[in-house]
């Protein structure tokens, strides 16, 4: 392999792998190539976008960082069942700079509906979404929604930017092959300035159009000469708005731009072919493997500036619940108490509130946390309240989804004893209640085995029968996957889960 010359144009090994049931991206001789060197001032409206920007595709499993090197561009072919989501990434890296600003330039990304031969559609903005991949502490992490069906992205010289494309195949979507495309076009600075309105310009345009409406709405019953005058005034205002610089791209000296000119411009774009095969079977609404995630309610209060218990607070929690549920994640909210005691709850409303049944009966929810208020306050009032809540929940069909998360990662005998005592109180009036305990070690002051790992493995036996769901941290294993069998053996017949701690992500 000849590695001389521009490293962006060098050939690199293909990315092999399946994008969640999709296709692998490998070699393709028909990739976009620059038609020649670019010298002097660059007008992106006259030069193919492929000469200005590298465009290629990557599977959703890849970490596409700023230094990701270009690869050949291939069509995207994905596979999905009904009621399933598939994702893929489109990477963009500028070859040259054509902007007068500090950025390399701006590209416009436009996507079409995906259509089948029978006329069925996966609609942009509903089934097809675009998000920009934003690094957090240098790691590709946040997915920021982009405007649809058209958005603009600024590219940074020498850096790769990724666009996350996700497609939902709805429950009732007819099976078949759906095809569309994502069109990427480099834009000039003058085009951007005419398309981007400042707040003042928006307000001026709003006032002009509202005056038109005020002018023509109250004309019923008015004398003819007054109606004519109002119509003339409205026409003058509309003409001024239409012929403003904002809409200059739609007019030339001889009137509207001919569609052939538009076609010529579009021929300069990079077109990424996108297809999704929807299989004729349906994924169940309820995940077979429960995945729960906790969000600190105090973090929500701080980030969104809402007061605990206010209407805005309930609305913020409700939005987080619905947002996570669409990703097949069963959320719970939490509030820390003394030591590592933790109050956890999936629904912020009491059990007799209509929202409670709405939350817990949702088939997408695989598991829900029930708040055990004595974690924070052990007075009789708190115990009576939680007992009444549990009595009501136990009459519901969704009770089988319920669990209690009382303590986060006990470290010593005092912590473990607290877990056992709280679980005993709970099981006294709810014998079928499931208690979840996270842990990564046995009690440090009373080892359960000769080595830390053996002590860790013996935790389920030590907590039995007070805990029914054991949730351990994956990092305890290091690279020793062979140790998993020791843990699984101890967990039978209870349930086991993997605990992944995320800090500062919400």
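Okay, here's what the table says:
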{"item": "Unique match (being in contact with a strand residue (DSSP E or B) (Cβ under 6 Å, 6 or more places away or on another chain) and modelled with pLDDT of 75 or more) among 181, 226", "result": "181"}
{"item": "Subset of the stretch 116-132 (residues that are in a strand (DSSP E or B) and over 20 Å from residue 270 (Cα atoms))", "result": "121, 122"}
{"item": "Which numbered condition residue 96 misses (of (1) in a loop (DSSP other than H, G, I, E, B); (2) buried (at least 21 other Cβ atoms within 10 Å of the Cβ); (3) free of Cβ contacts under 8 Å to residues at least 60 places away in the same chain)", "result": "(2)"}
{"item": "Residue 418 vs. criteria in contact (Cβ under 8 Å) with a residue 60 or more places away in the chain, out of contact with any helix residue (DSSP H, G or I) (no Cβ under 8 Å at 6 or more places or on another chain), buried (at least 17 other Cβ atoms within 10 Å of the Cβ) and assigned to a helix (DSSP H, G or I)", "result": "yes"}
{"item": "Residues of the stretch 216-228 satisfying the condition of being part of a helix (DSSP H, G or I) and within 53 Å of the chain's Cα centre (by Cα)", "result": "216, 217, 218, 219, 227"}
{"item": "The listed residue being within 20 Å of the chain's Cα centre (by Cα) and crowded, with 18+ Cβ neighbours inside 10 Å, out of 84, 74", "result": "84"}
{"item": "Residue tally, condition assigned to a helix (DSSP H, G or I) and crowded, with 18+ Cβ neighbours inside 10 Å, over the stretch 463-489", "result": "2"}
{"item": "Criterion: within 18 Å of residue 276 (Cα to Cα) and touching a residue at least 12 places away in the same chain (Cβ under 8 Å) - qualifying residue of 150, 133, 124, 144", "result": "124"}
{"item": "Members of the stretch 113-128 found to be closer than 26 Å to residue 140 by Cβ and surrounded by 17 or more Cβ atoms within 10 Å (Cβ to Cβ), listed by number", "result": "114, 122, 124, 127, 128"}
{"item": "Residue that is under 30 Å from residue 54 (Cβ atoms) and either exposed (fewer than 11 other Cβ atoms within 10 Å of the Cβ) or at pLDDT 75 or above (or both), where the choices are 310, 269", "result": "269"}
{"item": "Flag for residue 167 being surrounded by 22 or more Cβ atoms within 10 Å (Cβ to Cβ), at negative phi, outside any loop (DSSP other than H, G, I, E, B) and in contact with a strand residue (DSSP E or B) (Cβ under 6 Å, 6 or more places away or on another chain)", "result": "yes"}
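The values are calculated or read from the model by the stated rules, or taken from the named source; none is laboratory data. Because the structure is a prediction, the values reported are computed rather than measured. When we count neighbours, we look across all protein chains shown, and the Cβ atoms used for this are built from the backbone with ideal geometry, even at glycine.
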